[in-house]
Amino acid sequence: MTEEPLNMRSGWVEVPRARIHWEATGNPEGVPVLYLHGGPGGSLGKGGYRKKHDAARFWTIGIDQRGCGQSTPTAQDDLEHLADNTTQTLIEDIESLRRHLGIEKWIVTGVSWGSTLALAYALAHPDRVLGIALVAVTTTDRDYVDWITEGVGRIFPEAWAEFAGAAAARPGERIVEAYARRLAGSDREEARVAAAAWDRWESTHISMSPYWQPGPMFEDEAQRMTFALLVTHYWANDSFLTGSREILPRIHELEGIPGHLIHGRRDVSGPAITAWQLHQRWKGSQLVIVEDEGHGGPKSMAELTQAVEGIAAGLS
């Protein structure tokens, strides 16, 4: 990779009821590459994604999704408008950023939840997408949410029993719905306790990755709350991708757009079946299974770099 200066820029886009933070590195005259982080409720973090693409050839743009990262207000500070934070709103925010930066089309990349958002965006605006490259591929549908909050408990029964008990679910209420209710409730101390329990479970089900380290996912309590609040809000609502918005039945609509699906064999949080099903229905897509990684990892990210370079090569 190039060691040239990254030519860092950053700013905010004003959208209804929020300011969306963005940052861009590399060559503004190069091929635009959008990076979508995980979560929902994650962030751009320390910005490791910035160095994945050749700074001389690519303009790499990251966005802190609504309610998290450096975007304002944070979800827990705007509970009154939590219902407005949906996948469709995030897609509108992405389009606002594209117009703000004067980009006609870009390569869209994403990791974990970011892959779901990337696919939803591409399906909504295929004419704005040069290609798609995804790591830890998910569609975040009901089947996925039920697996990650209940089914995977068969692998971690001790931790799941604690997680399920801490949900304090009402009769007929799914575990994820119980957490979503408590995290968005008026009792913020109860929300803090629920966020800590959610964090412990998240740290558990990713533990089969060879790069996992014991401890909480988020040391910072505010970040922990942001993540738990938004992820449960989205998951309890099937990511706002039901009916005609569901991704898998529509994936064939992306035929003709280069697609790269990169997934770790050891990913028990989001099994490889999702990436495989998408590949089967998306003619022309490429599937790469990284045998010795879980939910992302350095080999998967190296594959992402190669995928973006391949998409760009095909543009010339």
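The values are calculated or read from the model by the stated rules, or taken from the named source; none is laboratory data. Keep in mind it's a predicted model, so treat the numbers as computed, not measured. Every residue, glycine among them, receives a Cβ derived from its backbone with ideal geometry; neighbour counts consider all protein chains shown.
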Original post:
Among (1) within 27 Å of Q280 (Cβ to Cβ); (2) at pLDDT below 95, where does L130 come up short?
Top reply: (2)
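Got a sec? Which strands (runs of 3 or more DSSP E) wholly within the stretch 8-56 have at least 3 residues that are without any contact (Cβ under 8 Å) to a residue 60 or more places away in the chain and not aromatic (F, W, Y)? I'd like the intermediate steps shown before the answer.
Working: elements: 9-15, 18-26, 31-36.
Counting at least 3 such residues, we get 9-15, 18-26.
Picking from W235, W276, which residue would you name as being buried (at least 16 other Cβ atoms within 10 Å of the Cβ) and aromatic (F, W, Y)?
Numbers: W276 fails: buried (at least 16 other Cβ atoms within 10 Å of the Cβ).
Exactly one residue qualifies, and that residue is W235.
Based on this model, can you work out whether S244 counts as without any contact (Cβ under 8 Å) to a residue 24 or more places away in the chain, farther than 23 Å from L34 by Cβ and either assigned by TED's automatic domain parsing to the domain that holds S186 or surrounded by fewer than 14 Cβ atoms within 10 Å (Cβ to Cβ) (or both)?
Values: without any contact (Cβ under 8 Å) to a residue 24 or more places away in the chain: yes; farther than 23 Å from L34 by Cβ: yes; either assigned by TED's automatic domain parsing to the domain that holds S186 or surrounded by fewer than 14 Cβ atoms within 10 Å (Cβ to Cβ) (or both): yes.
Spelling it out, S244 is indeed without any contact (Cβ under 8 Å) to a residue 24 or more places away in the chain, farther than 23 Å from L34 by Cβ and either assigned by TED's automatic domain parsing to the domain that holds S186 or surrounded by fewer than 14 Cβ atoms within 10 Å (Cβ to Cβ) (or both).
Is it the case that T109 is among the hydroxyl-bearing types (S, T, Y), closer than 18 Å to T242 by Cα, in contact (Cβ under 8 Å) with a residue 24 or more places away in the chain and in contact with a Phe, Trp or Tyr (Cβ under 9 Å, 6 or more places away or on another chain)? Give the derivation first.
On the way: among the hydroxyl-bearing types (S, T, Y): yes; closer than 18 Å to T242 by Cα: no; in contact (Cβ under 8 Å) with a residue 24 or more places away in the chain: yes; in contact with a Phe, Trp or Tyr (Cβ under 9 Å, 6 or more places away or on another chain): yes.
Judged against the criteria, T109 is not a match.
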Subject >> Residues that are of a type in the set (A, V, I, L, M) and either part of a helix (DSSP H, G or I) or outside the structural domain of G41 (by TED's automatic domain parsing) (or both), drawn from the stretch 95-136 >> reply: L97, L101, L117, A118, L119, A120, A122, L123, A124
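Out of the stretch 77-94, which residues are assigned to a helix (DSSP H, G or I) and closer than 15 Å to D64 by Cβ? Give the derivation first.
Our first condition is that a residue be assigned to a helix (DSSP H, G or I); within the stretch 77-94, this holds for 77, 79-84, 87-94.
Once the filter is applied, which keeps residues that are assigned to a helix (DSSP H, G or I) and closer than 15 Å to D64 by Cβ, the stretch 77-94 yields D77, T89, L90, D93, I94.
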**OP:** Scan the helices (runs of 4 or more DSSP H) fully inside the stretch 164-266 and keep the ones with 3 or more residues being closer than 17 Å to R142 by Cβ.
**Re:** 175-183, 221-236
**OP:** Pull up the stretch 192-212, narrow it to residues that are more than 23 Å from R265 (Cα to Cα) and touching a Lys or Arg at 6+ places or on another chain (Cβ under 6 Å), then point me to the one that is surrounded by the fewest Cβ atoms within 10 Å (Cβ to Cβ).
**Re:** D199
**OP:** For the stretch 79-96, indicate whether the set of residues that are without any contact (Cβ under 8 Å) to a residue 40 or more places away in the chain, of a type in the set (V, I, T) and closer than 25 Å to E29 by Cα is non-empty.
**Re:** yes
